[in-house]
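Reviewing the structure listed below.
The values are calculated or read from the model by the stated rules, or taken from the named source; none is laboratory data. Every value quoted in this text rests on a predicted model; they were computed, and no experiment measured them. Counting neighbours? That spans all protein chains shown, and the Cβs are built from the backbone with ideal geometry, glycine included. For accessibility, only protein heavy atoms count, side chains too; no ligands or nucleic acids. Shrake-Rupley method; radii C 1.70, N 1.55, O 1.52, S 1.80 Å.
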Amino acid sequence: MADDYVIEMLHITKEFPGIKANDDITLQLRRGEIHALLGENGAGKSTLMSVLFGLYQAESGEIKKNGQTVKINDPNDANRLGIGMVHQHFKLVECFTVLDNIILGVEDTKNGFLQYDEARKKVMALSEKYGLKVDPDALVSDISVGMQQRVEILKMLYRDNEILIFDEPTAVLTPQEIDELMQIMRGFKEEGKSILFITHKLSEIMAVADRCTVLRKGCYEGTVDVASTTKEELSKMMVGRDVEFTVTKRSVERGETILSVRDLVVASKAHDNNAVKKVSFNVHGGEIVCIAGIEGNGQTELVYGLTGLEPVKEGSITLCGMDITNAPVRQRNISGMSHIPEDRHKHGLILDYTLEQNLVLQRYFEQQFQDHGFINSGEVRKYANKLIDSFDVRSGQGPVTVARSMSGGNQQKAIIAREIDREPQLLVAVQPTRGLDVGAIEYIHRRLVEERDAGRAVLLVSLELEEVMSLSDRILVMYEGELVGEFDNTVSTDELGLYMAGAKRMEVKA
Amino acid sequence: MKKNNQMLVGIISSVISIAVGLLFGFILLLILNPAKAGMGMGTMLTTAFSNMDQFGKMFYQAAPLLMCGLSVGFAFKTGLFNIGASGQYTIGAFFALFGAIGLQLPWWACLLLSCVGGAIWGIFPGLFKALFNVNEVITSIMFNWIGMYLVNLLLANMPFMLSAYYGVGTTDRTAALSDANPSAIIPTGGLNHIFGNSSWINISMFIAVAVAILMWVILDKTIFGYELKACGFNKEASRYAGINANRNIVLSMIIAGALSGLGGGIYYLAGTIQYVLEKSILSMGFDGIPVALLANSHPIGTIFSALFISYIKVGGSAMQPNFSSETINIIISVIIYLAAFALLTKIIIAKFLQKSDKKEVKA
Ligand SMILES: Nc1ncnc2c1ncn2[C@@H]1O[C@H](COP(=O)(O)OP(=O)(O)OP(=O)(O)O)[C@@H](O)[C@H]1O
Ligand SMILES: [Mg+2]
């Protein structure tokens, strides 16, 4: 027997209303390999993994473990078979501690009392062994996304899982955390654990994966050895055409000042210090300005202050000559501000609303969409279809799909479509391409550049240096709540890194 | 097609929950009073249909229940738990009666007043929530008590409101409308002829159903409803969208209050009952909670759940001489309680359907 498969998913078919999410898909996972799963947004990756994890039941097909056919009816079955999963959108209990979350469902009890000591020891030992630093007594609602993910990983390890599913683990991580995660995954592999790894970042696949299975629109495209392929080939397999990785930008005249921020101070929720300290800068029409920095240096609060989600403590914000420092969100929206938020589930979408309802989230009251207080459902439908077409938002039932059931990337595309289509004077885009496939990223980048070419202002907040370098006309580096560097896009990433780490700084004046 | 399916699952699960509730009620009856259990259950289930009078009574009671159910359900949709329906109902009843007896207004003006009264009582929990982030459950419970004692206090100091003033010697209840102001009694609209001269029936059920339809339109078809539901589903995203969540919380509580208040008005303006100064909170408002739950807060569904609960209650009160009122109340509560498990049953049925679907595919 040449191939030692630990898991085989054979001819899996899974249908949702209006769509075949998985259509006769076969995936074979070798023991001790890192197997990447690649495909466009909505190709069916998360669905396939959820079938393996027992969250969905396939209509047809079979699953084998070690050559034996198994039936996985729910996550408990999966757990018994040693299968664990880190979900695309984490599933932790926010008001529980880290330790509680890890042992939830497999608690040791004695006379009805929880046995914490043993559990704590085991968790700490695991965390030590794999370098997964967590604070076991912190509340999940208080810890960073990176740590939440470590908690999810510890959950799998605590259950002694040996088949580990990672659904887009890197989408929410900082570049440093991504490196650490790759290291951890290699460690798992050395121990003989088998890993299924979903990502849209081809460089990550090239870096850690042994083989890669590609899905397209719910169908199986093929499985390749990573060693003998290239990024270009993979992306072609996935989207069916060549993908441009570089953004072409023509030079445009810098226009008038659209956004002007002076001595802005925003309080922090986490500590007594201010998160944003006396920040001043301008954004002009026809330019993309990027705020670069390591996560947690005040970018989030800066955006909240600008968009009105948090009150501003001091300073002023002027949009197109109008003082909006204390204006409510609605007024900012009407005055020409769009916002692609960092957290699509918290702010970006009402998950229980349909796609079309979400697409008019800031516009439902406009003349076009209402008729004496009644929703003009015909217009809403027409508008939604237009956005869905032009931004290629894929879902089971089009405009009436409930947002919750859409794939993560398509949720993101819906938000971007909504925000760009409002033709804002200023587009505040926070991690806009998070969770998008390479084809979609290419398209969104092109749209952002088009916005700029049309003389609008774009303020981009991104942790991905590659994106920062290829899109921005001007880069502002944020460190500990202050702007510590200003560059044009010819600066080297190494130089940028020094400023981001706080090793160097310069005076930044607006 | 999927929507139809979901509707079906919703209806099936409600029916199953009701059946389970009835079964448990019967078992309980067997335990409490085995000899008369069969007869008792029979009375409970058949009374409402035994004669036109009782049939009319079912509608008469369903109307205020429906209003309270709408009130609780409407607040639910906005993400609020209006446990204060009872207080709003009481204040609404007082406003209506004051309009009828004190101001000698016609019935429709009294009903409008009852809405105003309920709305006023809904504002407070709404404002406290919006301005100080005080949980609306706590405030509305307190306002239930405040409302009840306030009404008692006011009535005790308004001798012209009481039945003693009209020469019917009691000071513990308001005057009968037939003595004080017959024009304040909600008209029967000729229904009494159809319902065999039932003393209970009037047009209040039509009013309540019309309001239910209105609520459905508001929630599903208007931009106001869009905003309210958005706040209920995801408050943060509503803020992001520029929706004024605080304003909507207050408005939602005002509307919920007005609905309960109207319930109070409808009930006491029927002319068949007088408001009795009591020391316990009226249960009608609380009954609104299972009415809303049973219907999954859907305004149209609420019509049917209100009718069901009224039906059980009418049957229950007919069991009176044979069973103690405590026993009856326990049985009714058990039935309502289990019926409110509709949601749980829904999940189970959905799973079941999914499995049988799969089998069909395989076959
Ligand atoms: N619970 C569900 N109900 C209905 N449709 C669903 C459900 N889950 C997924 N779908 C649909 O199935 C398709 C595949 O979704 P899936 O989440 O598997 O995509 P994905 O490959 O993980 O995409 P992404 O990269 O965007 O995360 C999508 O069109 C989605 O709308
Ligand atoms: Mg996915």
> If you take the residues of the stretch B:192-228 that are within 11 Å of chain A (Cβ to nearest Cβ) and crowded, with 22+ Cβ neighbours inside 10 Å, which of them is farthest from B:SER50 (Cα to Cα)?
Replying inline: B:GLU227
> Only one of (1) facing chain B (nearest Cβ under 10 Å); (2) more than 12 Å from ligand 1 (Cβ to nearest atom) is not met by A:VAL400, so which one is it?
Replying inline: (2)
>> Looking only at the stretch B:236-257, how many residues end up being facing chain A (nearest Cβ under 10 Å) and open to solvent by 50 Å² or more (accessible area, probe 1.4 Å)?
In response: 3
> From A:ILE388, A:ILE340, A:ILE375, which residue is surrounded by fewer than 22 Cβ atoms within 10 Å (Cβ to Cβ) and aliphatic (A, V, I, L, M)?
Replying inline: A:ILE375
>> Any residue that is modelled with pLDDT under 90, farther than 28 Å from B:ASN157 by Cα, surrounded by fewer than 23 Cβ atoms within 10 Å (Cβ to Cβ) and charged (D, E, K, R) - is there at least one of those in the stretch B:271-278?
In response: no
> What number of residues within the stretch A:191-216 are assigned to a loop (DSSP other than H, G, I, E, B) and over 21 Å from A:MET9 (Cα atoms)?
Replying inline: 3
>> Which of the numbered conditions does A:VAL151 fail, given that it passes all the others? Conditions: (1) at pLDDT 90 or above; (2) surrounded by fewer than 17 Cβ atoms within 10 Å (Cβ to Cβ).
In response: (2)
> Does at least one position in the stretch A:468-489 carry a residue that is within 19 Å of A:ARG250 (Cα to Cα) and without any contact (Cβ under 8 Å) to a residue 12 or more places away in the chain?
Replying inline: no
> Residues of the stretch A:400-415 being open to solvent by 20 Å² or more (accessible area, probe 1.4 Å) and either away from ligand 2 (no atom under 14 Å from the Cβ) or not in a helix (DSSP H, G or I) (or both), which ones?
Replying inline: A:VAL400, A:VAL402, A:SER407
> Among (1) at positive phi; (2) over 16 Å from the mean Cα position of the chain (by Cα); (3) within 16 Å of ligand 2 (Cβ to nearest atom), where does A:GLY435 come up short?
Replying inline: (2)
> Restricting the first residue to the stretch A:365-389 and requiring it to be in contact (Cβ under 8 Å) with a residue 12 or more places away in the chain, which pairs with a second residue that is among the β-branched types (Val, Ile, Thr) meet a Cβ separation below 6 Å and a spacing of at least six or different chains?
Replying inline: A:PHE369/A:VAL360; A:PHE369/A:VAL380; A:VAL380/A:VAL360
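Residue-by-condition table, conditions (1) within 14 Å of chain B (Cβ to nearest Cβ); (2) crowded, with 20+ Cβ neighbours inside 10 Å; (3) more than 25 Å from A:GLY105 (Cα to Cα):
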site	(1), (2), (3)
A:LEU10	no, no, yes
A:LYS20	yes, no, yes
A:GLY32	no, no, yes
A:ALA36	no, yes, yes
A:ALA43	no, yes, yes
A:LEU52	no, yes, no
A:GLY61	yes, no, yes
A:ILE72	yes, yes, no
A:ASP77	no, no, no
>> Taking the conditions exactly as written (touching a residue at least 12 places away in the same chain (Cβ under 8 Å), more than 7 Å from ligand 1 (Cβ to nearest atom) and hydrophobic (A, V, I, L, M, F, W, C)), does A:ALA21 satisfy them or not?
In response: no
>> Given the criterion closer than 30 Å to A:LEU104 by Cα and within 16 Å of ligand 2 (Cβ to nearest atom), identify the matching residue among A:GLU204, A:GLU168.
In response: A:GLU168
> List the pairs whose first member sits in the stretch A:109-132 and is in the same structural domain as A:ARG150 (by TED's automatic domain parsing), whose second member is open to solvent by less than 70 Å² (accessible area, probe 1.4 Å) and among the aromatic types (Phe, Trp, Tyr), and whose Cβ atoms are under 7 Å apart, counting only residues at least 6 apart or on separate chains?
Replying inline: A:LYS122/A:TYR158; A:VAL123/A:TYR158; A:LEU126/A:TYR158
>> Tell me yes or no: at least one residue of the stretch A:237-256 is away from ligand 1 (no atom under 16 Å from the Cβ), open to solvent by less than 80 Å² (accessible area, probe 1.4 Å) and more than 30 Å from A:ASP392 (Cα to Cα).
In response: yes
>> Among the residues that make up the stretch A:65-81, is at least one of them away from ligand 2 (no atom under 16 Å from the Cβ) and closer than 30 Å to A:THR433 by Cα?
In response: no
> Restricting attention to the stretch B:61-115, which residues are open to solvent by 10 Å² or more (accessible area, probe 1.4 Å) and aromatic (Phe, Trp, Tyr)?
Replying inline: B:PHE76, B:PHE81, B:PHE94, B:PHE95, B:PHE98, B:TRP107, B:TRP108
>> Just to verify a result, which residue in the stretch B:164-191, among those that are without any contact (Cβ under 8 Å) to a residue 60 or more places away in the chain and open to solvent by less than 70 Å² (accessible area, probe 1.4 Å), is nearest to B:TYR267 (Cα to Cα)?
In response: B:THR188
>> Looking at A:ARG381, A:ARG363, A:ARG330, can you tell me which residue is at the interface with another protein chain (Cβ under 10 Å from one of its Cβ atoms) and part of a helix (DSSP H, G or I)?
In response: A:ARG330
> Which residues, counting only those in the stretch A:24-48, are in contact with a strand residue (DSSP E or B) (Cβ under 7 Å, 6 or more places away or on another chain) and near ligand 1 (Cβ under 8 Å from one of its atoms)?
Replying inline: A:GLY39, A:GLU40, A:ALA43, A:GLY44, A:LYS45, A:SER46, A:THR47, A:LEU48
> Do we have any residue at all in the stretch A:260-280 that's open to solvent by 20 Å² or more (accessible area, probe 1.4 Å) and under 14 Å from A:GLY39 (Cα atoms)?
Replying inline: no
> Can you find even one residue in the stretch A:416-429 that is surrounded by fewer than 23 Cβ atoms within 10 Å (Cβ to Cβ) and within 10 Å of ligand 1 (Cβ to nearest atom)?
Replying inline: no
> Which one is farthest from the other protein chains (Cβ to nearest Cβ), of the residues in the stretch A:343-360 that are of a type in the set (A, V, I, L, M) and buried (at least 22 other Cβ atoms within 10 Å of the Cβ)?
Replying inline: A:LEU355
>> Residues that are touching a residue at least 40 places away in the same chain (Cβ under 8 Å), over 24 Å from A:PHE487 (Cα atoms) and within 24 Å of the chain's Cα centre (by Cα): does the stretch A:243-259 have at least one?
In response: yes
>> Let me confirm something: among A:GLU40, A:GLU62, A:GLU94, which residue is within 26 Å of A:ARG434 (Cα to Cα) and away from ligand 2 (no atom under 14 Å from the Cβ)?
In response: A:GLU94
